[in-house]
Amino acid sequence: LQAQAAQAFESATTADAVEVARIEYLGQKQGRLKAAQERLKTLEPAVKRAYGQRFNGVKQALEIAFDAARSRVERRTTAAGGIDVTLPGVAPRLGHRHPLTQTADELIDIFGRFGFAVARGPEVEDVRHNFDALNIPPVHPARDPLDNFYLSEGTMLRSQTSTIQIRVMESQPPPVRVIAMGRVYRPDTVDATHSFMFHQVEGLMVDKGVTMADLKTVLRLFARSYLGEDVQIRFRPSFFPFTEPSVEVDMLWHGGDRWVEMGGAGMVDPNVFKAVGYEPEQVTGFAFGLGIERLCMRRHGIDDIRLLYQNDVRFLDQF
Ligand code: FA5
């Protein structure tokens, strides 16, 4: 019995086979060990003692063989560390890029196709790049401490990405064709369309003979690429110290009932060229600055800018 049982447990390769062997040899009702135990009761006292000792030895050997077989097949189905690799898996929850990051990546892609390289600049900026070089004189109301986050003497959180226009032109001669994007900060009152921190995409193209028609063409092509063929754009006369003439850029969608302001733009002011050491007689250029949140919200039909910053996964999951 012991040899047969050992053979049966050893050759069992699955949990089911081990269970079959267990029932046959160790089963409480009709197991062969049980049968041997029943026989023990019928024996004469003279042989009973010897038989009983032998029985206990066999019983122990069978139990050891069973334990060994069980842990052998368990090891096979469980990886190290006791994980049952045969259980159905739990799908991990995959994250994805934030809708604003998706928008920024798409802008880089679209303007890249138009030949614009990507430039970067710091969020902590000096007043020269945020104001002086952009033809914003020391007494200008745009410098009001109530409208800016000043840090220490002469430094601030940039209030516009136009700072990067200056950094790019300071570091390279014309021609220039770049976009720049990033966070900007203004102590604006927060509402559905305003935040105290938001993102802008800046564009700058400088070369011989660049005109306002180039500006409008690039912005129209961009609007159609990002928002769809049925988007119209409109220029409204405006004023920025660093462009002349200056315009506000509005967009209108098929089915939309009103023009929405997306940003400002214009032809680079000669004073800006002088501040960075360019020759205003040699080159012209256009610049624009659009709100990335506004573009993203328009594209996805998001009606409150605050949703973009709350990081509620129920919101973020939708993009
Ligand atoms: C500017 O910041 C200019 N630097 C744009 C520019 C660049 C003009 C180059 C000429 C040449 P403005 O302050 O209008 O302009 O802001 C541009 C856009 O940023 C706005 O049209 C709007 O889309 C977005 N914006 C402005 N303030 C906020 C705010 N508080 N929250 C969210 N978006 C804002």
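The values are calculated or read from the model by the stated rules, or taken from the named source; none is laboratory data. The model shown is predicted, which means the values in this text are computed figures rather than measured ones. Quick reminder, even Gly has a Cβ in these numbers, built from the backbone with ideal geometry, and neighbours come from all protein chains shown. Calculation scope for accessible area: heavy atoms of the full protein, side chains included, ligands and nucleic acids excluded. Shrake-Rupley method; radii C 1.70, N 1.55, O 1.52, S 1.80 Å.
One residue stands out among those in region 164-191 that are surrounded by 22 or more Cβ atoms within 10 Å (Cβ to Cβ) and near the ligand (Cβ under 9 Å from one of its atoms): the one that is farthest from Glu125 (Cα to Cα), which is Gln165. Does region 80-95 include one or more residues that are under 30 Å from Gly182 (Cα atoms), modelled with pLDDT under 90 and of a type outside the set (Lys, Arg)? Scanning region 80-95 turns up at least one residue that is under 30 Å from Gly182 (Cα atoms), modelled with pLDDT under 90 and of a type outside the set (Lys, Arg).
Residues of region 16-46 that are open to solvent by 70 Å² or more (accessible area, probe 1.4 Å), within 30 Å of Thr86 (Cβ to Cβ) and hydrophobic (A, V, I, L, M, F, W, C): Val20, Ile23.
Yes or no, residue by residue, for (1) closer than 21 Å to Arg158 by Cβ; (2) within 13 Å of the ligand (Cβ to nearest atom):
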| residue | (1), (2) |
| --- | --- |
| Leu204 | yes, yes |
| Val210 | no, no |
| Glu229 | no, no |
| Phe235 | no, yes |
| Phe239 | yes, yes |
| Thr243 | yes, yes |
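Against the test of being closer than 24 Å to Asp147 by Cβ, at pLDDT 95 or above, under 35 Å from the mean Cα position of the chain (by Cα) and not polar (S, T, N, Q), the options Val206, Val260, Val190 yield a single qualifying residue, Val190.
His199 falls short on exactly one of the conditions (1) within 10 Å of the ligand (Cβ to nearest atom); (2) in a loop (DSSP other than H, G, I, E, B), and that condition is (2).
Condition test on Gly285, is it touching a residue at least 60 places away in the same chain (Cβ under 8 Å), under 20 Å from Phe114 (Cα atoms) and more than 9 Å from the ligand (Cβ to nearest atom)? For Gly285, the condition - touching a residue at least 60 places away in the same chain (Cβ under 8 Å), under 20 Å from Phe114 (Cα atoms) and more than 9 Å from the ligand (Cβ to nearest atom) - is met.
Restricting region 93-116 to residues that are among the small types (Gly, Ala, Ser) and within 14 Å of the chain's Cα centre (by Cα) leaves a set whose member that is least open to solvent (accessible area, probe 1.4 Å) is Ala104. Restricted to strands (runs of 3 or more DSSP E) entirely inside region 114-194, those with at least 1 residues that are under 30 Å from Glu281 (Cβ atoms) are 117-119, 124-126, 176-185. The residues of region 47-65 that are open to solvent by less than 90 Å² (accessible area, probe 1.4 Å) and free of Cβ contacts under 8 Å to residues at least 60 places away in the same chain, listed by number, are Val47, Lys48, Ala50, Tyr51, Gly52, Phe55, Gly57, Val58, Lys59, Ala61, Glu63. Out of Ala265, Ala275, one residue alone is within 17 Å of Pro245 (Cα to Cα) and either out of contact with any Cys (no Cβ under 9 Å at 6 or more places or on another chain) or of a type in the set (D, E, K, R) (or both). It is Ala265. Residues in region 30-58 that are under 19 Å from Gln4 (Cβ atoms) and charged (D, E, K, R): Arg32, Lys34, Glu38, Arg39, Arg54. A single entry from Val247, Val210 fulfils the requirement of being touching a residue at least 60 places away in the same chain (Cβ under 8 Å) and either under 24 Å from Pro280 (Cα atoms) or β-branched (Val, Ile, Thr) (or both): Val210.
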